[in-house]
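Trainee: This is the structure I have questions about; it appears just below.
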Amino acid sequence: MWKGLVEHYRKHLPVNDSTPIISLCEGNTPLIKLNKLPQELGLSIEWYVKYEGLNPTGSFKDRGMTMAITKAKEAGDKIVMCASTGNTSASAAAYAARAGMKCCVVIPEGRIAMGKLSQAMIHGAVVLQIEGNFDNALDIVREITDENQISLVNSLNPYRIEGQKTGAFEIVDDLGAAPDFHFIPVGNAGNITAYWKGYKEYKDKGKITKLPKMMGYQAAGSAPIVLGKPVSNPDTIATAIRIGNPASWKPAEAARDESGGVIDMVTDDEITDAQKLMAAKEGVFCEPASAASIAGVIKYSKKNVFKDGQKVVSILTGHGLKDADRAIEISAEPKSIAGRKKDILKILEQYL
Ligand code: AN7
């Protein structure tokens, strides 16, 4: 029985026999091989997506949160706190509930996808909306957690990175090797940092000989690392990565440079096209931010640098249902018809 990633990878994680592990059986997410998309794009790569939307709260944040909340519990903290574009707050609220702790989330008002907001609310977090953006929220939360006995559970918390590095372990355990390229959306840049740490640890332990190139993708309206300077008014439909001053900026650049990868950006249109392609051609529904890791492959493939048979992994960081409003906005409207058999058949004629 799968008991969660801390149990499974405990020898790689900072826990001991008396650590009270707080888990919702996260991790062990599927690595799905794409069938249609490579062909449609004329690519002869072996392309996989890691469907992190299948974690308990619907995003990769659960990997880090199981560790962060476990360590907060071990330290005897009663309250945890985070700033969030949505998924961190959903995950923190759920794991805090599981641990019997209070959670406080600070979010940018009106910029959180409804699914994520509903999660923080139903799990009983103190939900505080501020007028500013994520970066402003994180500044406030850092100050408060510095000055009080409250655990910060954003990815600045090193235990978050420890938990999230297990994503790299799972990919290697599934493929028997690291992929050639690892495509990943970049917001606050914790996840690219964590995956790179995971791959490097597996290499140090002799489990792999070769490391992947780390390929990070920001949204064009929120691309501080690409532009080389903070963006004061970040904007994108991919609200999860609407971040203008990433906390893990330096480690993300290190991952890029040490691996020989790139950090680039994709437009909202490219993100939307990629999200629709994944859903319609492969049956995998991811949220807009996640689709940046698909749009990234499409953009990069135009440079004609992929070699036949190379292994490419894209991390689909969150489930599409998180932002159902957006999916409805970009899809064909349901047709309203009279409920007669012949009206329905008339519409289906073209597919028969
Ligand atoms: C679906 O929830 O920052 O580069 O506060 O929700 O590690 O920040 C979310 C980020 C990618 C970017 N995809 O990851 C938050 C938050 C999804 C996300 C990212 C986020 P990082």
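The values are calculated or read from the model by the stated rules, or taken from the named source; none is laboratory data. Remember, it's a predicted structure, so these values are computed and weren't measured experimentally. So basically every Cβ, Gly included, is an ideal-geometry build from the backbone, and we count neighbours across all protein chains shown. Just so you know, the surface numbers come from the protein's heavy atoms only, side chains and all, with ligands and any DNA or RNA stripped out. Shrake-Rupley method; radii C 1.70, N 1.55, O 1.52, S 1.80 Å.
Trainee: With each pseudo-label sitting 7 Å past Cα toward Cβ, what's the D204-K307 distance in nm, one decimal?
Mentor: With each label point 7 Å from Cα toward Cβ, the separation is 2.9 nm.
Trainee: Okay, next question. Quick check: net charge around A93, other residues with Cβ under 11 Å of its Cβ, Lys/Arg +1 and Asp/Glu -1?
Mentor: +4
Trainee: Sticking with this one: Please report the relative contact order for region 1-157, taking Cα pairs under 8 Å with a sequence separation of at least 6, and give it as a percent rounded to a whole number.
Mentor: 20
Trainee: Once you put a point 7 Å from the Cα of S232 and another 7 Å from the Cα of T267, both along the Cβ direction, what distance in nm separates them?
Mentor: Distance between the two pseudo-spin positions: 2.6 nm.
Trainee: Could you tell me the relative contact order of region 12-83? Use alpha-carbon pairs under 8 Å, at least six residues apart, and round to a whole percent.
Mentor: Averaging sequence separation for qualifying contacts and normalising by length gives 36 percent for region 12-83.
Trainee: Could you do me a favour and compute the accessible area per residue for region 108-160, 1.4 Å probe, result in Å²?
Mentor: On a per-residue basis, region 108-160 sits at 55 Å².
Trainee: In deg cm²/dmol and to the nearest 500, what is the mean residue ellipticity at 222 nm of the chain if only DSSP H runs of at least 4 residues count, each as -39500 (n - 2.57), divided by the residue total?
Mentor: -11500 deg cm²/dmol
Trainee: For D139 and D173 in one chain, what is 0.36 nm times their gap in residues minus the Cα-Cα distance, to one decimal in nm?
Mentor: 8.5 nm
Trainee: Restricting to DSSP loop positions (anything but H, G, I, E, B) with no more than 11 other Cβ atoms inside 10 Å of their own Cβ, which GluC sites (Glu not before Pro) remain in region 116-164?
Mentor: E131
Trainee: Moving to a separate point now. Quick one: net charge of Y48's neighbours, Cβ under 9 Å, K/R +1, D/E -1?
Mentor: Here the charged neighbours net out to +1.
Trainee: Take the solvent-accessible surface of the protein heavy atoms, probe 1.4 Å, and return the percent of it on the chain that carbon and sulfur atoms account for.
Mentor: Using a 1.4 Å probe with all protein chains present, the chain comes out at 50 percent carbon and sulfur.
Trainee: In addition: Dipole of the chain, Cα-centred, from +1 at each Lys and Arg C-beta and -1 at each Asp and Glu C-beta, to the nearest 20 debye?
Mentor: Charge dipole of the chain: 800 debye, to the nearest 20.
Trainee: Ok, one more. So for the chain, taking the charge dipole from beta-carbon charges (+1 Lys/Arg, -1 Asp/Glu), which of I237, T19, P185 sits furthest toward the positive end?
Mentor: Of the listed residues, the answer is T19.
Trainee: I'd like the antiparallel share, as a percent to the nearest 5, of DSSP beta bridges with both residues in the chain.
Mentor: Expressed as a percentage, antiparallel bridges in the chain total about 15.
Trainee: Whole angstrom only: what separates the Cα centroid of region 87-144 from the Cα centroid of region 308-325?
Mentor: 24
Trainee: Of the DSSP beta bridges with both residues in region 85-243, give the percent that are antiparallel, rounding to the nearest 5.
Mentor: Of all bridge pairs located within region 85-243, approximately 10 percent are antiparallel.
Trainee: Can you figure out the FRET efficiency of D17 with K281, using R₀ = 35 Å and their beta-carbon distance, to the nearest 0.05?
Mentor: Computed FRET efficiency for D17 and K281: 0.15.
Trainee: Under the rule a/c < 1.5 gives rounded, and otherwise a/b versus b/c splits prolate from oblate, where does region 205-336 land using the Cα gyration tensor?
Mentor: Oblate, because a/c is 1.5 or more while a/b does not exceed b/c.
Trainee: Right, next: For region 317-352, which trypsin sites (Lys or Arg not before Pro) are both in a DSSP coil and crowded by at most 12 other Cβ atoms within 10 Å?
Mentor: The qualifying sites are K335, R340.
Trainee: List the residues whose amide H sits under 5 Å from the amide H of Q129, counting only those 5 or more places along or on another chain, with H placed 1.01 Å from N in the peptide plane.
Mentor: Excluding prolines and chain starts, which carry no amide H, the hits are I107.
Trainee: Using 0.36 nm per residue of separation minus the Cα-Cα distance, give me the extension gain between C25 and W2 in nm, one decimal.
Mentor: That pair, C25 and W2, stretches by 7.6 nm at full extension.
Trainee: How big is the charge dipole of region 216-333 about its Cα centre, in debye rounded to the nearest 20, if each Lys and Arg gets +1 on its Cβ and each Asp and Glu gets -1 on its Cβ?
Mentor: Result for region 216-333 is approximately 400 debye, rounded to the nearest 20.
Trainee: Among residues other than E329 whose Cβ falls under 15 Å from its Cβ, what is the net charge (Lys/Arg +1, Asp/Glu -1)?
Mentor: Every neighbour counted, the sum reads -4.
Trainee: Determine the dipole magnitude for region 23-105: charges of +1 sit on the beta-carbon of Lys and Arg, -1 on that of Asp and Glu, nothing else is charged, the reference point is the Cα centre, and the result goes in debye to the nearest 20.
Mentor: Here region 23-105 has a charge dipole of around 220 debye.
Trainee: Same structure, new question: What are the ³J(HN,Hα) values, in whole Hz, obtained from phi via the Karplus relation 6.51 cos²θ - 1.76 cosθ + 1.60 with θ = phi - 60°, for each residue of region 228-237 in sequence order, with x given for Gly and Pro?
Mentor: My calculation for region 228-237 gives x, 7, x, 9, 7, 10, x, 9, 5, 5 Hz in order.
Trainee: Among A90, I79, I107, whose Cα sits farthest toward the positive end of the charge dipole of the chain (+1 at Cβ of Lys/Arg, -1 at Cβ of Asp/Glu, about the Cα centre)?
Mentor: A90
Trainee: Considering only DSSP states other than H, G, I, E and B, which trypsin sites (Lys or Arg not before Pro) in region 154-241 qualify as loop sites with at most 12 other Cβ atoms within 10 Å?
Mentor: Filter output for region 154-241: K205, K210.
Trainee: Quick one: if you stick a label point 7 Å off each Cα along the C-beta vector at A338 and D146, how many nm between them?
Mentor: 7.0
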